[in-house]
Amino acid sequence: MSSIISIRNLSKTYQSGFQALKSVDLEIRKGEILALLGPNGAGKTTLISIVCGIVNPSQGTVTADGHDIVRDYRAARAKIGLVPQELSTDAFETVWATVKFSRGLFGKAPDPAYLEKVLRDLSLWDKKDSKIMTLSGGMKRRVLIAKALSHEPTILFLDEPTAGVDVELRRDMWEMVRKLREKGVTIILTTHYIEEAEEMADRIGVIDKGELVLVEDKQVLMRKLGKKQLTLALQEPLHRIPDELSPLALELGDEGRTLVYTFDSQTDQTGIAALLRQLGELGIDFKDLHSSESSLEEIFVGLVHAGGREARA
Ligand SMILES: Nc1ncnc2c1ncn2[C@@H]1O[C@H](COP(=O)(O)OP(=O)(O)O)[C@@H](O)[C@H]1O
Ligand SMILES: [Mg+2]
């Protein structure tokens, strides 16, 4: 795996004294789609803004395609396209002038054929001579995407791309993201919609209160969805899992006071009956038991509420 963005020990404290990021370490892999999932105020936009050179870090370093985003800002920024969360456009310009200007900003030679393709892919071509202020909200968002792609970035950040967006644009956007990924563009999107992360991402990072609490392959996370856990509250704490039980997927919790059995809820043979029988034979008594199922939603909520200290999986 080679990483295209390296974020090391990154912290941000705003002038107000508010700490929006706390020592974030993250390697973003070349060509992946990474979804950063987190509630409002988690620090997602702050993280993106630092990587894109809009906000200064208080501590730590970021490199984009080998370029330090502070010392080597222009080279780093030229690799990056950003579709910002907020709609902010040059109201009086035409669509064409805006994307042409954006491309020039990054020192790229004019390429009308490329820009035409970008506008066509975003169903914006017939609006190329329209002034931006005359466009609908959805069309303005398409213009922001066209601007972000105008200089052929190899890294694309989409900050809450589908918040408040109609179904059609959401579908087009996902389609566009997949196509870009096929071309080798690395894509980082933020969202607080779990379905969006599930649908789009190769990996999912969960960010909460300025901390990156988890980064994992989506498939690995999804596999946990099919898992259930049986938790037994033991009569007497165990110091270790007896050898007879070691072949089973058992873990001790709460300083040995609980025994947690993870099983696949999709199969007929859960192994629970055998487990309970064996516990009886070993004289391990329990006073209570309950089972739970985890979904990505639960994993997420659990992480966020526990402040990242425990992931229920
Ligand atoms: N310029 C700023 N000055 C002070 N606090 C800020 C500033 N920008 C953002 N914050 C605060 O930092 C936290 C993280 O914000 P943000 O990165 O926008 O989160 P997210 O994008 O995950 O919703 C929030 O509590 C927000 O109020
Ligand atoms: Mg945000």
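Every number in this text was worked out from the coordinates using simple rules, so none of it is lab data. On a predicted model such as this, the values are computed, not experimentally measured, just so you know. Glycine gets a Cβ as well: all are built from the backbone with ideal geometry, and neighbour counts include every protein chain shown.
State, as an integer percentage, the relative contact order of the range 227-293 based on alpha-carbon contacts under 8 Å between residues 6 or more apart.
Relative contact order for the range 227-293 comes out at 50 percent.
Hey, any idea what the orientation-averaged projected area of the convex hull of the range 227-293's Cα atoms comes to, in nm²?
4.2
Among Val177, Val260, what is the fewest-to-most ranking by other Cβ atoms within 10 Å?
Val260, Val177
What order do you get for 192-199, 276-283, 157-164, 54-61 when each peptide is scored by the mean count of other beta carbon atoms within 10 Å, highest first?
Ranking, from highest mean packing down: 157-164, 192-199, 54-61, 276-283.
With a cut-off of at most 11 other beta carbons within 10 Å, and DSSP calling the residue loop, which trypsin sites (Lys or Arg not before Pro) in the range 158-231 qualify? Please list them.
Lys183
Normalised by the residues of the chain, what does the relative contact order come to in percent, with Cα pairs under 8 Å and at least six apart?
About 19 percent, as a whole number.
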